[in-house]
1. Taking region 108-128, which residues are modelled with pLDDT under 75 and either under 30 Å from residue 63 (Cα atoms) or over 37 Å from the mean Cα position of the chain (by Cα) (or both)?
2. Could you tell me whether region 74-84 includes any residue that is in contact with a strand residue (DSSP E or B) (Cβ under 7 Å, 6 or more places away or on another chain) and free of Cβ contacts under 8 Å to residues at least 60 places away in the same chain?
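The values are calculated or read from the model by the stated rules, or taken from the named source; none is laboratory data. Everything quoted here is computed from the prediction, not taken from an experiment. Reconstructed Cβ throughout: ideal geometry from the backbone, glycine too, with neighbour counts over all protein chains shown.
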């Protein structure tokens, strides 16, 4: 790992630590006790940070907390300037962390899927593997053969077009111009 990667990891770690402290303890007057930072993404040059906020409440409460934090992001950034003691502190963009809601939705969808018994699964497999009649096999082979022939014709057409375009290309060594 190079120096740059070590610096970026250290910067991101400190940023998350200080932001967590500011959000959890520094903004008591804003009633953000149950809010926590789930993730921070910083762009490559460190000029912008996306801070994902989560809480134990409802989605509306989470959105309200994000609105409060976005309204006070200049004060939070100023506090970070003092804490980080660096030349450049990223601009903060607070966003709700919707991963739990999507996990719950996926769990709900999976719960709605009917579960087949082992016997039902075996029956479905037998239906899908059922043997074809000789006529069906011949028609399938004929379809494959015609599609293969069509692909071969397309390939030869493209090869002919390529040789024609090569002869028209002035950079081609075989081309004899004026």
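1. Within region 108-128, 126, 127 meet the criteria.
2. If we filter region 74-84 for residues that are in contact with a strand residue (DSSP E or B) (Cβ under 7 Å, 6 or more places away or on another chain), which is where we start, we get 76-77.
Then keep just the ones that are free of Cβ contacts under 8 Å to residues at least 60 places away in the same chain; that gives 76-77.
So far as region 74-84 goes, yes, one or more of its residues are in contact with a strand residue (DSSP E or B) (Cβ under 7 Å, 6 or more places away or on another chain) and free of Cβ contacts under 8 Å to residues at least 60 places away in the same chain.
So that you can scan it fast, the table gives a plain yes or no per residue for (1) touching a strand residue (DSSP E or B) at 6+ places or on another chain (Cβ under 9 Å); (2) closer than 30 Å to residue 104 by Cα; (3) in contact (Cβ under 8 Å) with a residue 12 or more places away in the chain:
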{"position": "11", "(1), (2), (3)": "yes, no, yes"}
{"position": "15", "(1), (2), (3)": "yes, yes, yes"}
{"position": "23", "(1), (2), (3)": "yes, yes, yes"}
{"position": "34", "(1), (2), (3)": "yes, yes, yes"}
{"position": "38", "(1), (2), (3)": "yes, yes, yes"}
{"position": "46", "(1), (2), (3)": "no, no, yes"}
{"position": "52", "(1), (2), (3)": "yes, yes, yes"}
{"position": "55", "(1), (2), (3)": "yes, yes, yes"}
